[in-house]
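Reading through the structure tokens given below for one structure.
All of the numbers you see were taken from the coordinates with simple rules; none came from a lab. Computed from a predicted model, the values in this text were never measured in an experiment. Methodologically, a virtual Cβ is constructed for each residue, glycine included, from the backbone with ideal geometry; neighbour enumeration extends over all protein chains shown.
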Amino acid sequence: MKLYGKTEYDAITKSNWNTKFNSTRSLFPFSLNTGTLNNTYNVSATWVGDVNLSHSAQQSVSSIASSSIRSMSLTTNVVSTDIQASILTELVNGKAYAYISLNPLQNELVGTQFQLNYDNSVLKFDGVEFKTKGSPTNFGTNKGTYVNVGSLITDGSNTLDNTTEYRIMFTPTKNITNVLGLISVGSTDAVNKDGKQLKVKVN
Amino acid sequence: MKNLLVTLLFLLTSFLGFGQSVSAPDSKSFLPSTTGQDASGFVLTGFSSTETLLASISLLNPPSGTTFVLNTTTGLTAASGFTLAGNKTRLVVTGTMANINTALASLKVNTGSVIGNVQLSVAATVNPVGFFYNGVNGHFYKPITATTDRTTYTNARARSLLTTFKGQTGYLVTITSSSEDAFIFANVPATNVWFAATDEVVDGRWVIDAGPEKGTLMKTSNGQLNGNIPGVYNNWAQGEPNGSNGSENYAVAKWNGASTWNDLSNNWNNPYVIEYGTWTNPDDATFTEFYTNSVTHTNGDVLTARFNIDFGSNVDETKFTAKANTFVNNVWGTTTNTSRAISGLGKVDLTNDLDTVKVNGNGVRGTTTGGQVEWLVVYDYEPQNQRYQLLIDKREFPQGISPSNVTSLQLFDVWNGPVTYQWDDGTWAAYYIYTPTEFNFTNSSFTSYIRRAGSFWGWSAEFTFTPNSVFKQHGIDLSYTNQTELNTLYNSIVTVSDVFLAFKELSNGGIFGNQSGLEFTSGIQFMNADVDGNGIFNESDTYKLLQHLTGV
């Protein structure tokens with residue numbers, strides 16, 4: 001996390017950002033000015049890696065300008081920014097499986113990500129099998145209580161289609177008769193060829 | 001055509017109510033044990049001039065002896081339970097915007113000998129008919145008293161939850177303090193009023209049954225005082241609750257018109273009250289079309305440090321805590337090591353954790369008290385230079401204090417800040433005070449010491465000069481609930497769309513270093529994409545982002 005005084009944060013531009021970069025800190029220095037008793041500090045927070053600013057303070061000037069423009073615009077041709085995903089779980093021959101399949105609808109999908117939560121007191125993560133077209137960078141990383149699984153086509157040269165499927169495999173560490181309640185989808189993310197973040201609707 | 005557009009815009013903004021707000025004055029320091037100190041500066045704007053508004057003026061947890069008074073109340077009506085005249089810590093009124101603004105301009109604060117923060121809050125909204133506003137907690141209450149609407153406890157509890165008001169879901173009123181009890185007593189024109197308390201699960205074990213306090217244990221056995229939980233408000237009538245017939249499981253306030261409570265069975269059809277609002281501090285209110293603002297003055301010299309932290313819209317602020325730090329001998333260390341919760345609005349107050357011990361700084365500071373001789377002359381404001389020139393008689397400077405070393409002055413309650421040394425001769429030491437606003441002599445508590453004479457003001461002021469001391473460098477350090485949760489949060493912040501966007505920006509022109517590609521619209525994006533923090537966004541950063549994503 002990086003903290004900035006709001007005034008400083010709002011003044012960061014594409015041409016001066018590299019003079020402000022060295023602020024990897026969750027500690028924000030402030031001065032108590034002699035002669036000023038009531039000190040109020042406005043602070044803006046952002047994160048290293050939050051490139052699309054989804055979890056960062058908005059800069060005041062640009063946000064005001066863009067929102068006022070948007071509020072007056074009329075949209076006649078709405079393109080859905082949703083994609084559909086479905087999850088299926090099953091217990092077969094003593095192994096637990098979760099299948100995530102995608103339907104990008106009309107979106108040119110180049111990246112997906114799912115945090116697949118699992119009960120690590122009952123299940124042990126074994127691995128992920130990917131069914132994807134083209135040559136995306138597929139990832140399936142065990143994070144202890146969830147698996148970070150998805151695909152990314154970094155150059156946007158191809159897209160992910162509705163044949164995309166992830167099979168996440170677990171071994172139960174206790175006797176279970178079904179996997180209900182043991183596996184669920186946490187946060188999700190998806191992005192299209194234009195770099196626009198898409199909503200993932202999980203059925 | 002242009003006029004038509006302007007008219008349409010005016011009608012649109014009037015209809016939608018754009019621009020309604022309450023502005024607050026800057027903070028100031030009051031003198032202890034002094035009555036009638038100016039606290040004006042709150043202004044309501046943007047409301048219709050003909051509508052009746054509801055306005056609440058509150059002192060939040062003031063030091064003992066601190067009150068406020070409105071010297072002008074023309075056109076105002078005090079809300080039930082309040083009177084316009086006299087010194088107060090809380091006042092709710094109705095009136096037009098103009099009348100309320102006139103009253104706010106006459107707002108005065110009376111201080112006692114106890115120093116501390118004096119937080120004044122003003123809230124305003126169009127007066128909603130049928131609702132009552134409680135200035136203590138910032139909640140609205142809607143009494144349901146019509147004979148046809150009276151119902152059983154369980155119906156009242158369920159019906160309340162189906163209502164919304166100003167964006168808040170209602171709940172059967174809870175009574176958690178004597179002031180809230182008194183508020184209900186004063187404002188609900190009925191007796192035997194259901195409120196959210198029940199022992200329906202275990203007889204005698206009374207719990208709050210709705211709202212943010214739902215489930216809070218109030219008492220563990222029947223009887224007026226039996227088993228009352230310390231710190232939890234109870235106000236039962238003598239001999240109550242008694243669980244009569246084994247079916248009296250629900251509580252009423254204003255029992256038989258008295259100020260105490262009783263338990264009744266569910267077959268009574270009683271009036272009830274719906275409460276709206278879940279916060280305890282009126283400043284945290286999130287009602288729609290409800291406008292509030294506050295200022296924290298001080299009584300005496302109290303140093304404060306308050307923060308408004310903007311985390312963006314997708315981060316839960318309440319998961320963070322804050323600690324005050326100081327930077328001593330090139331090392332950051334905590335002051336009191338106290339973790340302060342951050343509110344849902346990103347607010348946190350570190351006032352009680354500050355290290356107020358000063359260390360030596362540069363220069364000399366002068367302070368003043370009222371005196372007999374005009375040792376100070378202040379010339380008229382120079383608007384073109386935005387400054388005052390002032391002369392201090394050099395006989396006021398003790399031996400060892402050079403006029404050129406004076407860097408700040410406190411001049412009664414008119415100025416407290418930096419000064420710029422100009423020159424000194426055998427008689428006077430001259431300084432400039434640079435300020436964009438003129439001194440407010442009229443509202444000074446020291447007007448009897450300030451004399452107007454031609455183009456200057458003569459001040460009967462005695463000076464005391466002391467070497468400047470400064471506060472240590474402070475810092476606010478944020479922590480998350482725990483490291484595991486922070487890791488999970490971070491993994492949901494930096495996701496596939498961030499990584500792809502970084503690659504796209506890089507391939508569109510950023511690959512040669514600081515050149516701007518086509519995708520990033522803000523410098524913050526470059527800053528955040530520069531993962532290795534070397535001031536250059538390049539392929540090394542995108543590779544690290546990809547590593548984070550794939551967990552390699």
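Where the centroid of each part is defined by its Cα atoms, how far is region B:248-281 from region B:99-174 in Å?
17
Please compute the contact order of chain A in relative form: average sequence separation of alpha-carbon pairs under 8 Å and at least six residues apart, divided by the residue count, as a percent. Mind showing how you got there, number by number?
Values: 354 pairs, mean separation 45.3, N = 203.
Normalised by residue count, the contact order of chain A is 22 percent.
Take chain B, mark every one of the GluC sites (Glu not before Pro) that falls in a DSSP loop and has at most 13 other Cβ within 10 Å, then report the longest stretch left between them, sites excluded.
Working: sites that count: B:Glu51, B:Glu289, B:Glu438.
In short, B:52-288.
Could you tell me the center-to-center distance, by alpha carbons, between region B:440-508 and region B:28-66 in angstrom?
24
If packing is taken as the average count of other Cβ atoms within 10 Å, what order do A:6-17, B:219-230 fall into, highest mean first?
Working: A:6-17: 16.6, B:219-230: 14.9.
Ranking the peptides A:6-17, B:219-230 by packing returns A:6-17, B:219-230.
Pick out the long, greasy-scoring helices in chain B: whole DSSP H runs spanning 30 Å or more along their own axis by Cα, mean Kyte-Doolittle at least -1.0.
What comes out of the filter, once short or polar helices are dropped, is none.
Mind sorting A:Lys196, B:Lys142 by how few other Cβ atoms lie within 10 Å of their own Cβ, fewest first?
A:Lys196, B:Lys142
Would you mind classifying region B:18-134 by shape? Square roots of the alpha carbon gyration tensor eigenvalues, ordered a ≥ b ≥ c; an a/c under 1.5 is rounded, otherwise it is prolate if a/b is larger than b/c and oblate if not. Walk me through the numbers on the way to the answer.
On the way: a/c = 2.03, a/b = 1.67, b/c = 1.22.
Note, shape of region B:18-134 comes out prolate.
Largest first and to the nearest Å, give the Cα extent of region A:82-202 along each principal axis.
Sorted largest first, the three principal extents are 46, 24, 22 Å.
Need the C-alpha centroid separation for region B:83-98 versus region A:85-111, integer Å.
Result: 62 Å between the Cα centres.
Rounded, prolate or oblate, given the Cα gyration tensor of region B:145-276, with a/c below 1.5 counting as rounded?
rounded
Which of B:Arg159, B:Arg340, B:Arg452 comes first, and how do the rest follow, when ranked by fewest Cβ neighbours within 10 Å?
B:Arg452, B:Arg159, B:Arg340
Tell me, what ³J(HN,Hα) does each residue in region B:229-244 have, in order and in whole Hz, if you take phi through Karplus 6.51 cos²θ - 1.76 cosθ + 1.60 with θ = phi - 60° and put x for Gly and Pro?
7, x, x, 10, 6, 9, 8, 7, 5, 4, x, 10, x, 10, x, 3
At 222 nm, what helix-only mean residue ellipticity would chain B give, in deg cm²/dmol to the nearest 500, using -39500 (n - 2.57) for each DSSP H run of four or more?
-4500 deg cm²/dmol
Could you tell me how many degrees, from 0 to 90 and to the nearest 10, lie between the Cα long axis of helix A:60-72 and the main elongation axis, the longest principal axis, of the Cα atoms of chain A?
Between the helix axis and the principal axis of chain A, the angle is about 70 degrees.
Which of the pairs A:Lys193/B:Lys504; A:Lys131/B:Lys544; B:Lys319/B:Lys472; B:Lys142/B:Lys166; B:Lys28/B:Lys358; B:Lys166/B:Lys319 have their Cα atoms more than 18 Å apart in this structure? Mind showing how you got there, number by number?
Numbers: A:Lys193/B:Lys504 9 Å; A:Lys131/B:Lys544 25 Å; B:Lys319/B:Lys472 28 Å; B:Lys142/B:Lys166 12 Å; B:Lys28/B:Lys358 21 Å; B:Lys166/B:Lys319 26 Å.
Distance filter (> 18 Å) returns A:Lys131/B:Lys544; B:Lys319/B:Lys472; B:Lys28/B:Lys358; B:Lys166/B:Lys319.
What number, rounded to the nearest 500 deg cm²/dmol, is the helix-based mean residue ellipticity at 222 nm of chain A, given -39500 (n - 2.57) per DSSP H run of at least four residues and division by all its residues?
Result for chain A: -2500 deg cm²/dmol, rounded to the nearest 500.
Residue by residue through region A:114-124, which ³J(HN,Hα) values in whole Hz follow from phi under the Karplus form 6.51 cos²θ - 1.76 cosθ + 1.60 (θ = phi - 60°), with glycine and proline marked x?
With coefficients 6.51, -1.76 and 1.60, one gets 10, 9, 9, 6, 9, 7, 6, 8, 10, 10, 10 Hz.
From Cα pairs below 8 angstrom and at least 6 apart in sequence, can you work out the relative contact order of region B:145-276, rounded to a whole percent?
Answer for region B:145-276 is 32 percent.
Taking a ≥ b ≥ c as the square roots of the Cα gyration tensor eigenvalues, with a/c under 1.5 meaning rounded and otherwise prolate when a/b beats b/c, else oblate, which class fits chain B? All intermediate terms of the calculation are to be shown ahead of the outcome.
On the way: a/c = 1.87, a/b = 1.29, b/c = 1.45.
Here chain B falls in the oblate category.
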